[in-house]
Amino acid sequence: MAELMTLSRYILQRKRNFEGATGEFTLLLSHIALAAKVVSRQVAKAGLLDVLGKTGEENIQGEEVKKLDVIANDLLKSLLNDLPMVAAIASEEEEDMIVTEAGREVGKYLVCFDPLDGSSNIDVDITIGTIFSIRKRKTAGKAATPQDFFAPGSEQVAAGYALYGSSTMFVYTTGDGVDGFTLDPSVGEFVLSHPDMRIPPGCKCLSANTNNRRNWFDGTCSFVDHVASGQDPAFQGTSARYVGTLVADVHRNLLTGGVFLYPADKKSKNGKLRLLYEAHPLAFIVEQAGGAATDGKRRILDIVADGLHTRVPLIIGNREAVDLYGRFAALEGG
Ligand code: AHM
Ligand code: MG
């Protein structure tokens, strides 16, 4: 029988390679994976459990909150709140950061998450996901403050996502490549299925909400037209693919090659997506898989948030495509 390399075994084996590793990080990652398994179960049975639909509330982003958003958010909060190595958490669904009970003074990690990315797809059975980012805080001995979260994305120690699709996957990086695991529901474990993920060369997919074109700057329009023209051999096999769940679009492009854009436009100069919960973690993963992520000009991992809910334009995927977008944006805006 082939060796069953579960996520827990894998993390433990890797831990042995780090001198002085305490096991705290292993425990933290295992708790996030546990949350992903529980959310996956809820998502799979959503139509039966009366957890579809809206709560009637709006979140800090002014977006409708769905019942499953709340379930995933509460679950992550309660699991992380009990871990003494976690000093504070910040969630896309919460206005303020939360100082944890167990780790208030002693915790060395800060965790950011988007509990359910792709909320608008929940009720229509389309892939959604959970995105997370882990940092080490520089202050110690006192409760963390929002300023502790305001650091470049290159300082993340780990980032990952769970994807609730045709199967449930858990993909993460600690800055040493990217590995993907698939949930085997019969044993309830994530099993290594995609070791050392690398974004393949070539740009099979272009992912953008093209209905926003009326607000796009000229550079974005010219880039998209260039890809569609069929004149550039680099884009001859490119198709348009847009799920509307960022993490699903990025995951597909990671497997097939492709570029996702949610650019700055005339209405939203900072785009739509959130730096701490979406752009930083996905940029870390995509860079570790050999790709690139920018806001059109700057590397995403160099950008520092100035608020917990700072938004940022995001161009992410194959390095050549991201660089080309940057050249169009420099000439014509974007
Ligand atoms: P969410 O985190 O509240 O679900 O919002 C972010 C989502 C992304 O997953 C997706 O890429 C984007 O919003 C889609 O936006 P639009 O509907 O404007 O195309
Ligand atoms: Mg999101």
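Read-outs throughout are calculated quantities, based only on the coordinates presented, and are distinct from any laboratory measurement. These numbers come from a predicted model, not from an experiment. Cβ placement follows ideal geometry from the backbone for every residue including glycine, while neighbour counts extend to all protein chains displayed.
Miscellaneous remarks
- When DSSP beta bridges are restricted to pairs lying wholly in the chain, around 80% turn out antiparallel.
- For the range 7-194: rounded, prolate or oblate by the Cα gyration tensor [a/c cutoff 1.5]: oblate
- Our summary of shape: the Cα atoms of the range 198-278 have principal axis extents of 32, 28, 16 Å, ordered from largest down, in whole angstrom.
- Selected from Q156, T173, V124, residue furthest toward positive end of dipole (the range 123-217; charges at beta carbon): Q156
- The chain: radius of gyration over Cα atoms, expressed as a fraction of 2.2 N^0.38 Å: 0.97
- Cα-based radius of gyration of the range 205-332 once divided by 2.2 N^0.38 Å, which approximates compact folds: 0.96
- Order of D184, D249 under a 10 Å beta carbon neighbour criterion, fewest first: D184, D249
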